[in-house]
Amino acid sequence: MPNINSYPETTTDLQRLLAAYQENADKLPDSKDEVAALQKALADAQAAKARQDFHKSERQVASQDLKATLTQGRDLAMRLRSAAKFKIGPRNEKLAQFNIKPLRKRTRKATAPAAPAATPPPAAAPAAKPAKP
């Protein structure tokens, strides 16, 4: 018995079964309806596999087309952004609409006030020991 999910094994098994029937058709005269149904099922399976292979190749072509189109779109978007930057000006805030950061003045970082030098805490005087009598 073939693997239930294996297309090649299943179709080979069905073809062998039909060949065996052809050799022994005279001994199985009442099985013509089953053989006709099996032949139709095998033909349908082969047609479905052919469609599947066709769609697989079409999917690959579509993926390649999509990749090429996206690359072209990125290049055109870069050109449009460059044109907008040139026409509008590199410092204009409207560039944000084109997803471009306009040139802005640099701000100086505020210097933190100098922290007073840390002075160590005064040394604690040793506690006076009570005198012994």
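Which residues, counting only those in segment 61-87, are more than 20 Å from K101 (Cα to Cα) and either in contact with a helix residue (DSSP H, G or I) (Cβ under 6 Å, 6 or more places away or on another chain) or among the aliphatic types (A, V, I, L, M) (or both)?
The initial filter retains those residues of segment 61-87 that are more than 20 Å from K101 (Cα to Cα), namely 61-73.
V61, A62, L66, A68, L70 - these are the residues of segment 61-87 that are more than 20 Å from K101 (Cα to Cα) and either in contact with a helix residue (DSSP H, G or I) (Cβ under 6 Å, 6 or more places away or on another chain) or among the aliphatic types (A, V, I, L, M) (or both).
Residue-by-condition table, conditions (1) in a helix (DSSP H, G or I); (2) among the polar types (S, T, N, Q); (3) closer than 29 Å to E9 by Cβ; (4) at pLDDT below 90:
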{"position": "Q39", "(1), (2), (3), (4)": "yes, yes, yes, no"}
{"position": "L42", "(1), (2), (3), (4)": "yes, no, yes, no"}
{"position": "A48", "(1), (2), (3), (4)": "yes, no, yes, no"}
{"position": "Q64", "(1), (2), (3), (4)": "yes, yes, no, no"}
{"position": "K67", "(1), (2), (3), (4)": "yes, no, no, no"}
{"position": "A83", "(1), (2), (3), (4)": "yes, no, no, yes"}
{"position": "I100", "(1), (2), (3), (4)": "no, no, no, yes"}
{"position": "A114", "(1), (2), (3), (4)": "no, no, no, yes"}
{"position": "A127", "(1), (2), (3), (4)": "no, no, no, yes"}
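Does segment 7-24 hold any residues that are among the hydroxyl-bearing types (S, T, Y) and either in contact with a Lys or Arg (Cβ under 7 Å, 6 or more places away or on another chain) or farther than 13 Å from A45 by Cβ (or both), and which are they? Break it down stepwise before answering.
Keep residues of segment 7-24 that are among the hydroxyl-bearing types (S, T, Y), which gives 7, 10-12, 21.
Correct list: Y7, Y21.
The values are calculated or read from the model by the stated rules, or taken from the named source; none is laboratory data. Treat the numbers as computed from the prediction; the structure is a model and nothing was measured. Ideal geometry is used to build each Cβ from the backbone, glycine not excepted, and the neighbour counts take in all protein chains shown.
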